[in-house]
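I have placed the structure first, in the form of structure tokens, so that the comments after it can refer back to it.
Where a number appears in this text, it was derived from the coordinates with a stated rule and is not lab data. The structure displayed is predicted, hence computed values, not measured ones. No Cβ is skipped: glycine too gets one built from the backbone with ideal geometry, and neighbour counts run over all protein chains shown.
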Amino acid sequence: MKKALLLFVICLVWGGAFAQNDLLPGYIISNGDTITGFLQQKNIIKSGISASFAPSPETGLTTYLPNDIQGYGFEKGDRFESKKLIWKDSVQSIFLNVLVKGKASLYSHRDNYGKDHYYLIKSDTLQELRINKIKQTQPSIGEVTVLDKEYRRILNKAFLGCPDLLPTINYVNLNRRDLKKVVVQYNQCAHPAEPLFVQEQEKPKLYFGVVAGSHHSTFALLRTPSSYMNNRNLPGGTNIVAGVTVGLPLTLVGRNTFLQTDVLYTQHQYTDALEHNLGGKYEMEIQLKALKLPLYFKQEFSTGNFKPFINLGVQNALNLSSSNHYIHTSTQESKEPQEFQLLSGERRIYMFGVMAGTGVSQRINGHKFSFEARFNSLNGIDDSNSGMTAIKNLSFLLSYSF
């Protein structure tokens, strides 16, 4: 098990090392010139702060701030433009995400607290679309907070050229979908012949797959009714694990971020023996059949044809059936071997722990093949004050997603 854990740590470090090479084809705009190359993928918050660009995957990355370039974008993905904003009582340059680009343009920016801000540019005037909270004192009620939907007034004034559109603005909510829709409608109404760019928001789709592999496991007896069996690790050998997986891309968080869960069936058999100077020989055995239900975040790193990834989440498991006992062989030859319960507590049905993994995937003919090394721990099968157990597993898994 120690050798297997060492291999897992090596795989984890190896997978994380690819984070710096998470590159996709893209471009930067510098001094009015468009320079093609490769951009490092970042989450939506960091994308507004800087752009890391390289002419080719083999060359080093150069990091550009909003004051250094006019903008950047991915060949198949988001576009960003550098704009000056009044941010927290000071003027700051920020890369804004381009949602709509036309005679009237819509941009967004996600701050460090995860809040989205939206901006409208028309006739070279930039305005933030927002809701203001105003405190008012009303008779018999006292002080109340009123929501001033300033963004609707801004849209009404900016879109006067399309009278038919104005009534619908009163029903526009301050979110990405509604704002994109109304800005696109205005451009199509007032400037139908002008070029119009609209960001295509990829709709997340569930994906499914099958998983199979092997796992190496140990069962820790941390506390038992028989004190001389405490703090012992029972080896479980190598067993087969198989099941299904389902995942959902978290496109609003990152381009290669997923929420995933598995349903995995496993069988465990742990055995060990000890000899006590006074008590004789004790042969221990624990059997467990379980359904593992991990829930975890998966982050891929694009490096071309192969995509290294890391996983991190919680490990849930259902104890389908379990048994435990030990056989005591006395030093007195006249006594027959006797069988006893190793753990005296009630069987724990629901087990809980943590999990982490790393691996690499490759897409072939539209289907994804993955190999992963995964470590997880569970709180064991004994649900009593007199018993304390833990289970540690290292799995090597192959998966096929479609």
When the stretch 207-401 is reduced to its Cα atoms, the Kirkwood hydrodynamic radius in Å: 18.3
Give the order of 189, 162 when sorted by the count of other beta carbons within 10 angstrom, beginning with the fewest. 189, 162
Exposure proxy ranking, count of Cβ atoms within 10 Å, fewest first, for 28, 35, 44: 35, 44, 28
Fraction of alpha-carbon pairs in the chain farther than 27 Å apart, rounded to whole percent, equals 65
Normalised contact order of the chain, rounded percent, pairs of Cα under 8 Å and 6 or more residues apart: 12
Take the cross-link list 103/180; 83/122; 368/392; 83/203 and give me the ones stretching past 20 Å between alpha-carbons. 368/392; 83/203
For every helix of n ≥ 4 consecutive DSSP H residues, a contribution of -39,500 (n - 2.57) applies; sum these over the chain, divide by its total residues, and give [θ] at 222 nm rounded to the nearest 500 deg cm²/dmol. -3500 deg cm²/dmol
Which is the longest run of the chain containing none of the GluC sites (Glu not before Pro) found in DSSP loop states (not H, G, I, E, B) with at most 14 other C-beta atoms within 10 Å? 203-332
Run the numbers on the stretch 40-91 and let me know its relative contact order in percent, using alpha-carbon pairs under 8 Å that are six or more apart. 23
Relative contact order (percent, whole number), the stretch 313-402, Cα cutoff 8 Å, 6+ residue spacing: 27
Fewest to most Cβ atoms within 10 Å: 169, 45 sort as 45, 169
